Structure formats: C-alpha cells, structure tokens
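The values are calculated or read from the model by the stated rules, or taken from the named source; none is laboratory data. Computed from a prediction, not measured in an experiment: that's the story for all the values here. So basically every Cβ, Gly included, is an ideal-geometry build from the backbone, and we count neighbours across all protein chains shown. Only protein heavy atoms, including side chains, enter the accessible area calculation; ligands, DNA and RNA are left aside. Shrake-Rupley method; radii C 1.70, N 1.55, O 1.52, S 1.80 Å.
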Amino acid sequence: MDDKSLKILEFPEIIKILAGYTSFPVGCEMVLDLKPVSDYDRVSLWLGQSREARHLLSRDPDFTVSGAFDIRETTKVAALGKMLEPVNLVEIQHTLAVMRKVRSSLHSMSEEVPLFWHIAQGLVELPGVEKEITRCLSPDGEVLNQASSKLAAVRKQLREVRQVLRDRLEEIIRTPKGQRIIQEPIITEREGRSVIPVKTEFRKEIEGITHDVSNTGATVFIEPWATVELGNTIRELVSEGKREEERILRNLSTLVGTHEADILISVSRLAELDMTLAKARYARAVKAAEPDLISFVDTSVKDRTPAFLGLVDARHPLLGQEAVPLSVELGQDFSILVITGPNTGGKTVALKTIGLLILMTQAGIPIPASPETRLPVFDSIFAHIGDEQSIEQTLSSFSWHIGNIVRIIQNATERSLVLIDELGTSTDPAEGSALARSVLLHFLSSGILTMATTHYGDLKAFAHVTPGLQNASFDFDPVTLTPTYHMTLGIPGGSNALATAARLGVPPAIIDEARTMLSKGSLDLDATLADVMAEKERIEAVREVLEKEKAETKARNAELESRLTQLRAEEQRVIQEARDRVVYEMAELHRQIRQVSSELRKKRTSEKVDTARKALSDAQARLDSEEWALKAPEAGIEPGISVGDTVYLTDMNLHGTVLSIFEKTQEVEVQAGHIKLRVAMNSIERRPNATVVPPATPDKTIRLAPGVISAELDLRGKRADEIEVALDSYLNDATLVNLNEVLVIHGTATGTVRQIVRDLLGTHPLVKSFRAGGQGEGGDGVTVVSL
C-alpha cells in the first residue's frame with residue numbers, strides 16, 4: 001500500500017481508535033502495526049474472523065482476554081537460564097490461566113465460530129507450569145511454605161528461635177533493673193538484629209552490642225549478650241531460607257524456559273484474538289459491518305467482468321453522528337467518476353470516505369456502511385487530496401500537484417484505485433482542464449478505477465459525452481443556497497461559488513458585482529442546474545409519497561386478508577357446531593328407535609318406530625343438505641379417485657381402470673384384464689402413468705369376499721346413522737370367525753359415538769358383556785366386547 005495515501009486518508013487515526021478497544025498489551029501492539037493488505041484470501045479470512053467475533057460478543061458480551069501480561073521478554077530470559085523474579089512468574093501464571101480459559105470457552109463454540117476457533121487452537125495449554133507456579137507462589141509473589149519441605153522446616157525453626165529470643169528480651173525488660181534503664185518497654189530491630197532501647201546514661205549497666213543511637217542521642221539500641229547467639233542462629237536460618245527460595249524460583253524459571261516456543265506462539269495467538277475482538281467491539285460502537293468482497297478477474301480473459309465498487313450508506317468513521325451517508329458505485333458501467341458540486345459541499349470528504357473504508361476493509365476492519373456494500377481488493381490506493389506543498393523544497397502548489405499525479409501514473413495498475421481532488425487545478429483553467437481530460441483518458445485506457453473532483457465545466461461536458469466516464473454531483477438546496485451533502489449519480493453539479501462565498505460572509509455588494517462579471521452562459525448553466533436540482537427534489541418527494549401509499553396499501557391488504565381468513569374460520573366453526581348439535585339429536589333419535597324396536601318385539605306395533613325413523617330421516621336429510629356442508633378451503637386439494645383413472649389393486653398386485661364409484665359403500669368397480677372387480681376404495685392406489693391392457697371380452701363383476709376379520713373396529717368419524725349398521729355387521733363377521741373378544745374404537749370427543757355403541761352392545765344378542773378399555777388399551781376411547 002502507498003504509505004503517503006494511508007496518511008492522507010487518515011488510516012493511522014483509525015488504528016489509534018481501534019487500539020483503544022484492545023485488552024491485552026501485545027494485542028494493542030499488533031493493532032498499532034496493522035496495515036492493509038492486497039491478498040484477497042487474507043482479507044476474506046480477516047473479515048470472516050471479525051464477523052465471527054461480532055457473533056461471539058452478541059452471545060457473550062463480556063468475553064475478553066483481559067488479565068494477560070506481555071510475558072515474551074521474561075520467557076526469553078528464563079530460556080537463557082536466568083532466574084525470574086516472583087512477580088514475573090506470577091504474571092506468567094496469570095497469562096497461562098487466561099490462555100487456558102479462552103481456549104476452553106472457544107472450544108465449546110467451535111462449530112459456531114470455526115475461524116475464531118482456528119486461532120484459539122494455537123493456544124498451548126501448560127497446566128503443569130501453571131499449577132507448579134500456583135503451588136509455590138502466592139498471588140503477591142511470596143514463596144509459600146508448601147513450595148518445599150525444607151523451606152517449611154527452616155521457616156518453622158526460624159519462628160521458634162525468634163519466639164525464644166523475644167521471650168528472653170521481654171524477661172530482661174520486665175526485671176527491676178531493666179525497667180530502670182530502658183527508654184521504653186519495646187523490642188525493635190536494627191540491622192536485622194533484635195535490640196532494646198536503653199537510656200544513654202545507663203549504657204554501661206547492661207552488657208551487649210550497640211547497633212544504633214537515636215537522633216537525639218538519648219537512646220542507644222543494644223543487643224544483650226544473652227541473646228547474641230540466638231540472633232546469630234536467626235541470621236543463619238534467614239540465609240538458609242533465602243537460598244531455598246532462590247532454588248525454588250530457579251526451578252520455576254527453568255520450567256518456564258523449557259516451554260519458550262509454546263509460550264511465544266500462544267502469546268501471538270492471544271494477541272490475534274484480542275485484535276479481532278477489538279475489531280468487533282469497534283464495529284458494535286460505530287454500527288459497522290463487513291462488506292462483501294469481489295475479486296479482480298484475470299486480465300488475460302477476454303470480455304472479463306471489471307471489478308465493481310459499490311458503497312451503500314457509507315459514513316466517514318471519524319465524523320461520528322455528523323456523517324451524512326454516501327452511496328456510490330464504480331466499475332460496472334463506467335470506470336471513471338467525475339464529481340462536481342458546490343464548494344464545502346462534501347466532495348473531498350467523499351473521496352476520503354471511499355478511500356478510508358477500502359483501507360479499513362483490506363485491514364480486516366468492519367466499516368460503517370450497509371452490509372450490502374461490495375468492494376474489490378485493490379493492490380494499492382493512491383490518494384491526492386489537499387495541498388501539502390513543501391516550502392523547504394520551494395515547490396509551488398502546481399508543482400506539488402503534478403508531482404503527485406506523476407507518482408500515481410507511474411505506480412498505479414489496473415488493480416489500483418485512484419482518488420484525485422481538484423484535478424488540473426492551480427494553473428490556467430484552460431490548460432488545467434485539458435491536462436485533466438488527458439489524465440482521465442490515460443486512466444480510462446489503462447482500466448484503472450478513478451474518482452476525481454473538479455470545478456471545470458469542460459470536464460463535466462467531457463464526462464457526459466465520453467463512454468466509460470460518469471458525472472456525479474453533490475446536491476445544493478436552491479432555496480436555502482446551502483449544500484445538502486447528498487450525492488447524485490448521472491448529473492453534474494454547479495460550483496455555486498458566489499452563493500457559498502455569500503454564506504461564508506462576503507459582503508453582498510461584492511457578490512452582486514461578481515455576478516455582473518459572469519458570462520451569460522455561466523449564469524444560464526447555473527440556473528439550469530438549479531432547476532434540475534429542484535425538479536429532482538420534487539420527483540424525490542413524489543416518490544416518497546408513492547412509496548408511503550404503496551406500503552399503506554400493502555398493509556391494508558394484509559389486514560383484510562387476515563380478517564377474511566378469520567371470518568372463514570369462524571364460518572367453519574359455526575357450521576361444525578351446528579352439525580355437532582344435529583348429530584347429538586340424531587343419536588337421541590337412534591336411542592328412541594332402539595327403544596321402540598325393543599317394544600316392537602314385545603307389542604308388535606310399528607307406529608313409534610315409524611315416527612322415530614321419520615324424524616331421523618329428516619335430520620339426516622337436513623345434515624346432508626348444502627346448508628350444512630362444510631366448505632372446503634380455497635387452497636387446492638388433491639382430487640380423489642374418478643371414473644377412468646388407472647389404479648393399482650394392492651391386495652392383488654394388479655393394475656386396472658375404474659368403471660364405477662359407489663360413494664355410499666366406499667367401493668369401486670375396476671376392470672382388471674378380463675374381469676371386473678368390486679373392491680374397497682382403501683385397497684387401491686391411483687397410478688396415472690401405468691398402462692392397462694384392454695380386455696378382449698368383458699366378464700362378470702366379482703365382489704371380493706372380505707379377508708381376515710380384524711380384532712378391532714374403528715368407528716371414529718362415522719355418522720350416527722352408519723354406526724348401527726357397521727357395528728352389527730362387524731359383530732356378525734367376528735362371531736363367524738370365532739373371535740372371543742374384540743375392541744370397538746369410538747374415541748372420547750363429545751361421548752356421543754361412545755354412548756350409541758354401548759347402547760347397541762347392551763341389547764345385541766351376540767354380545768356376552770363389554771367394558772371400557774383399560775390402561776394400555778385406549779382407556780375410555782375404546783370398548784372391549786366379549787362375544
């Protein structure tokens with residue numbers, strides 16, 4: 001990447017902001033060294049890792065690698081055989097613990113974040129090192145007694161000797177002589193020796209070694225001869241303890257040094273994780289996302305598709321909430337975009353926004369733009385923005401301008417992006433315009449994607465008539481005479497220099513005088529562009545109204561459709577409830593018929609039977625009428641068997657053609673070869689593609705005898721008037737095949753079918769007894785019948 005362009009586009013500022021989101025010193029260092037790359041696969045990987053990191057933080061917002069230290073140098077020192085300080089070893093232990101926890105957490109989510117997990121796999125767990133340091137050192141870096149048995153013994157002996165020494169000194173202090181000669185009854189230390197404060201005038205009354213004198217000279221600190229030997233023993237034990245502590249620290253350092261390579265790799269991986277998490281946190285803060293990437297096509301391929309740049313609702317990341325969204329495309333129908341518009345209208349910011357977002361993308365950083373944004377991976381971005389003439393080099397503005405143009409021409413390739421602000425400026429307008437057109441033609445013929453801003457009218461016309469070039473302009477409010485900072489493709493814009501100057505404070509008299517000096521053509525062009533902008537705003541307003549009305553109409557249609565569905569469902573419910581009431585009434589009539597039938601067998605009268613049967617017939621007719629027919633939903637239902645259909649007889653392994661359908665008995669008549677069969681409708685399958693050989697001469701229809709009688713009869717879904725016939729026929733067939741016990745399935749529902757069944761079973765001559773089903777038999781939804 002072009003380092004000068006990185007600075008011009010303010011990429012280092014983004015890096016500084018991104019570094020603030022890290023939580024690991026090495027991760028911060030890695031971010032500060034981050035640069036855009038031109039390798040498509042690497043950029044794609046970085047963006048994929050960033051996308052997964054954002055997903056991870058959405059699942060666990062507190063996920064972090066904080067608590068780790070930069071242990072690279074201390075690890076290298078340990079590898080050289082040197083002893084580490086306790087605080088360094090504790091930092092290593094903390095860092096190893098963070099690595100272990102991070103690896104464990106990401107392993108549990110490895111399927112959700114495979115790219116992120118791939119980084120974490122490089123974290124080497126060293127539980128042995130971690131546990132040994134924890135065993136030997138406290139969190140504050142103190143060597144613990146449990147580090148070695150020798151250290152524990154030395155410290156125990158040291159405590160005992162110190163207690164004996166303290167007891168001896170307290171005895172001296174408590175004696176009458178001691179109370180007379182001491183300055184105050186305390187035991188203190190001087191030069192590591194336990195002493196008592198004695199008044200100077202009584203110095204000769206106690207034998208011992210003087211270790212110190214107070215600032216006033218009134219007190220001397222004396223170690224009595226009686227405790228000198230104990231003091232020597234303490235000195236020896238302290239030295240022995242220090243030697244043992246050093247031995248333990250040296251062993252721990254050696255243990256760390258043997259794992260130098262693994263630790264350094266793990267630190268690098270942890271830093272990479274931290275950098276990626278920083279990108280995700282930054283994305284969450286500025287509402288950024290990863291764009292789609294487009295790769296450049298091989299130039300040797302004929303009629304290749306050019307790279308396409310499409311930014312959607314892009315915002316400059318350094319402007320915060322003040323940034324106006326920018327949408328722009330380049331490379332599909334045109335490769336050169338000439339941007340015009342008012343001064344201070346946003347042209348320069350647009351170039352910086354485009355360049356900076358592409359640099360961020362190629363550094364794997366999410367950008368504040370719509371996820372619909374599509375960007376190619378450029379080999380370099382060349383930006384020429386602003387006036388950075390060097391006084392020391394005595395360069396004029398034009399010289400500096402041309403020097404940058406030359407640098408870009410010499411280094412840009414067809415995989416580069418060129419951003420030039422005020423092309424051809426700082427010289428005679430006619431010559432500058434001609435030079436600008438020639439430069440643009442060079443970039444066009446070289447296939448280099450280019451965006452350039454200008455105020456030259458010639459360039460606007462040139463872009464309008466030259467294939468491969470396109471105009472774009474930043475809008476200017478013709479009413480308020482202020483820029484709107486919105487860009488429109490396909491329309492050139494006026495500079496509106498006089499309006500801008502007036503807005504910035506130039507006296508009106510000067511502005512008016514300047515207008516009189518403008519040519520009529522310039523004034524007409526400005527007026528035309530203003531009219532075009534006003535018309536554009538009117539069209540945009542109409543479009544917004546139409547879009548709003550379209551959305552409202554769509555919402556109303558959806559509401560009406562929902563209401564219609566509810567009404568249809570309500571209609572079905574009402575009809576079903578009415579049918580249920582009629583079925584209940586029919587069941588009652590059936591009960592009356594059975595009662596009258598019983599009386600008929602006794603009294604030989606048919607008046608009551610006829611009355612009940614007539615009422616039942618009326619109810620059935622009413623139920624079967626169109627008034628009570630459930631309406632089928634309007635959605636298409638697969639049609640059933642019809643005359644002429646080719647079917648497959650599952651029980652006989654034959655194909656045949658349907659001749660007749662008997663709805664009442666649920667049977668069909670089928671022509672199969674030379675014979676006609678009458679079979680149950682549930683024993684055939686529709687086979688529209690099968691071929692049936694027509695019979696030479698038709699034969700008689702054969703009605704198939706029923707097969708083996710099942711031990712169950714399912715009456716669910718039957719109408720009340722069908723139940724008696726079906727149950728009676730089944731009981732007869734079951735008796736003929738010597739079944740002793742059968743199950744009648746009627747379900748629970750309203751209990752109507754169950755009541756009809758049990759009333760019939762109670763008077764049927766073939767029934768010995770019956771009961772409700774038990775556990776595992778279907779409960780009250782079945783009746784078990786003994787024949």
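Below, the figures for the structure above:
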read-out	value
Test: residue in segment 657-665 that is at pLDDT below 75 and open to solvent by 80 Å² or more (accessible area, probe 1.4 Å)	yes
Only listed residue being open to solvent by 50 Å² or more (accessible area, probe 1.4 Å), aliphatic (A, V, I, L, M) and either modelled with pLDDT of 85 or more or not in a loop (DSSP other than H, G, I, E, B) (or both), chosen from VAL725, VAL784	VAL725
Test: residue in segment 147-168 that is part of a helix (DSSP H, G or I) and in contact with a Cys (Cβ under 8 Å, 6 or more places away or on another chain)	yes
Residue list for segment 666-686, restricted to those being open to solvent by 70 Å² or more (accessible area, probe 1.4 Å) and within 12 Å of VAL643 (Cα to Cα)	ARG686
Some residue of segment 147-165 being open to solvent by 90 Å² or more (accessible area, probe 1.4 Å) and in contact (Cβ under 8 Å) with a residue 24 or more places away in the chain	yes
Whichever residue in segment 1-34 is in a loop (DSSP other than H, G, I, E, B) and within 26 Å of the chain's Cα centre (by Cα) and, among such residues, is surrounded by the fewest Cβ atoms within 10 Å (Cβ to Cβ)	GLY20
Residue within segment 122-140 that is surrounded by 14 or more Cβ atoms within 10 Å (Cβ to Cβ), farther than 30 Å from GLU245 by Cβ, hydrophobic (A, V, I, L, M, F, W, C) and at pLDDT 90 or above present	yes
Single match in ILE173, ILE186 (criterion: β-branched (Val, Ile, Thr), crowded, with 16+ Cβ neighbours inside 10 Å and under 23 Å from ASN215 (Cα atoms))	ILE173
Residue among ALA499, ALA509, ALA530, ALA472 that is farther than 26 Å from LEU375 by Cβ and either under 46 Å from the mean Cα position of the chain (by Cα) or at pLDDT 80 or above (or both)	ALA530
Residue ID - most open to solvent (accessible area, probe 1.4 Å), chosen from residues in segment 44-68 that are more than 15 Å from the chain's Cα centre (by Cα) and not hydrophobic (A, V, I, L, M, F, W, C)	ASP62
Output for segment 69-112, where each listed residue is open to solvent by 30 Å² or more (accessible area, probe 1.4 Å), in a loop (DSSP other than H, G, I, E, B) and of a type in the set (A, V, I, L, M)	LEU80, MET83
Pairs where the first residue, in segment 739-751, is at negative phi and in a loop (DSSP other than H, G, I, E, B) and the second is acidic (Asp, Glu) and open to solvent by 20 Å² or more (accessible area, probe 1.4 Å), C-beta under 6 Å, 6+ apart	THR748/ASP780
Residues that are at pLDDT 85 or above and open to solvent by 60 Å² or more (accessible area, probe 1.4 Å), drawn from segment 764-779	LYS768, PHE770, ARG771
Whichever residue in segment 338-358 is surrounded by fewer than 24 Cβ atoms within 10 Å (Cβ to Cβ) and not β-branched (Val, Ile, Thr) and, among such residues, is farthest from LYS460 (Cα to Cα)	LYS352
When residues of segment 205-255 are limited to those that are part of a helix (DSSP H, G or I) and of a type in the set (Asp, Glu), the one least open to solvent (accessible area, probe 1.4 Å)	GLU244
